[in-house]
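Following: one structure in structure tokens, then a few remarks.
The values are calculated or read from the model by the stated rules, or taken from the named source; none is laboratory data. For clarity, every value in this text was computed on a predicted model and none was experimentally measured. Cβ sites come from the backbone with ideal geometry, for glycine too, and all protein chains shown count toward neighbours. Ligands, DNA and RNA are excluded from the accessible area calculation, which covers all protein heavy atoms including side chains. Shrake-Rupley method; radii C 1.70, N 1.55, O 1.52, S 1.80 Å.
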Amino acid sequence: MLYSMNYWNEKSDYFWDKYKDSYLYREQMILLLQKQISFDAYCCTVVNPTTLTTVGAITECSLESIHQDILAAEYDKEDVHLYQDLVESNVKSARLSDTFGKQKSRRFTDILSPRQISDELRVTLMDKGKCFGFLTLFKKEEKSYFTDQEVLLLEGLSLIMGKALRDYFYIELEKHSKSSYMGSGVIILDQYLTLQSTNEAGKQYITLLQEFERSKNLHRLPKPLQAICAKLSAQDEKSFSVFIPLADKIVLVASASFLRSGASHKTMIAITIDKASPKEMFGHLMETYALTAREKQVVTSCIQGASTKEIANQFKISYYTVQDHLKGIFYKVGVQTRNELVWKLFANHP
């Protein structure tokens, strides 16, 4: 018998109150889930809700060797049930076996099936229309597929875990220490993501990220860095950046770009890591809180000290319309006054 959603809500709230960061929360939820349904491997990822890029993942050990391959397939835009497609379509879950005989999945034929994985169940962890994590479960027994009942359970957990991960994400953005800043880090990787060179700060940031995701393999690149490299390579962009909030420590901005050598024709990847600046945090938080274009304008004017009447005159809207915008902004950001708004979006990130 599967536990009710009330049970899962209570357990989620209990774990959220008990653990200060999302790693232990996710670990406990997975352990509890294993008592309810049958699966052989898992990956539970926290993602940046703006870019949907991982900022940390718990991965069952048998998947570590293929994690980078799965990431690469995720960004090549030519497979079924890609997480970005699920999020954009507001789909909570997707079972890979539903596509068998209908649609070919390169992820299944090239990556999963050779490792005796028979089925995959993907769940978007959502709250208020934004995605804060992915949960992927795998079965390895031949011709063993996820049942409809198991899919329904995971769909129910989508919003429960999504809310918890949202709360963790904002706490990690808002509560951090200056003591973890080591200066600007530089990391050079080859095309296989093998470390070629790094400065001392880069080395320390790698260690910090590994500690945050409790990595048991200290020779493996941390998953947030794997993710930005995979996205960079798949989309062939000039550069790609992602915010990485680390609980009670620091909010980092990691950027990846190609280093192409004409002489050797080899492609290297340069990653720079630095503390997010107040200006970067301000822009990122407005995106993360899903503020509309007009709401962003109102917030910017508030930061500059403009009164409600001045904002109304500036944008040629009524005084009451500005008040309505402020109510919507306060609700999304979770504050009650302008002073709290300024502190949460700007002054709290020196």
Residues of type lysines that Lys104 reaches as a straight line, Cα spacing below 18 Å, ignoring anything fewer than 8 places off in the same chain | Lys77, Lys143
So how exposed is Arg214, as accessible area in Å² (1.4 Å probe, rounded to 10)?
-> 80 Å²
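For the chain, what does the accessible surface come to per residue with a 1.4 Å probe? Please give it in Å².
48 Å²
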Distance in nm between label sites at Gln336 and Asn313, each 7 Å beyond Cα in the beta-carbon direction?
-> 3.1 nm
To the nearest 10 Å², what's Met126's accessible area with a 1.4 Å probe?
-> 10 Å²
Filter on Lys130/Lys223; Lys140/Lys216; Lys140/Lys332; Lys20/Lys238; Lys11/Lys223 - keep pairs with C-alpha separation over 30 Å | Lys140/Lys332; Lys20/Lys238
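To the nearest 0.05, how large is the calculated FRET efficiency for Cys61 and Asn199 if R₀ is 30 Å and r is the Cβ-Cβ distance?
0.45
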Which FRET efficiency value, to the nearest 0.05, do you get for Gln149 and Lys327 by plugging their Cβ-Cβ distance into 1/(1 + (r/R0)^6) with R0 = 45 Å?
-> 0.60
Specify the residue with the greatest mean-square fluctuation among Gln116, Gln314, Gln204, computed from a Gaussian network of the chain linking alpha-carbon atoms under 10 Å apart.
-> Gln314
So which lysines can Lys316 reach, going by Cα to Cα under 20 Å and dropping same-chain residues fewer than 8 places off?
-> Lys296, Lys327
Near-label residues of segment 54-79 by backbone N, under 11 Å of a point 7 Å along Cα→Cβ of Arg106 | 72-79
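Name the helices (complete DSSP H segments) of the chain with a Cα length along the long axis of 27 Å or more and a Kyte-Doolittle mean of at least -1.0, or state none.
Values: long enough: 148-174 (39 Å, 0.34).
Taking the DSSP H segments of the chain (at least 27 Å long, mean hydropathy at least -1.0), we get 148-174.
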Listed values (1) 65, 45, 31; (2) 67, 61, 39; (3) 61, 43, 39, entry calculated as Cα extents along the principal axes in Å | (2)
So the carbon and sulfur contribution to the accessible area of segment 1-103, 1.4 Å probe, in percent, is 47 percent
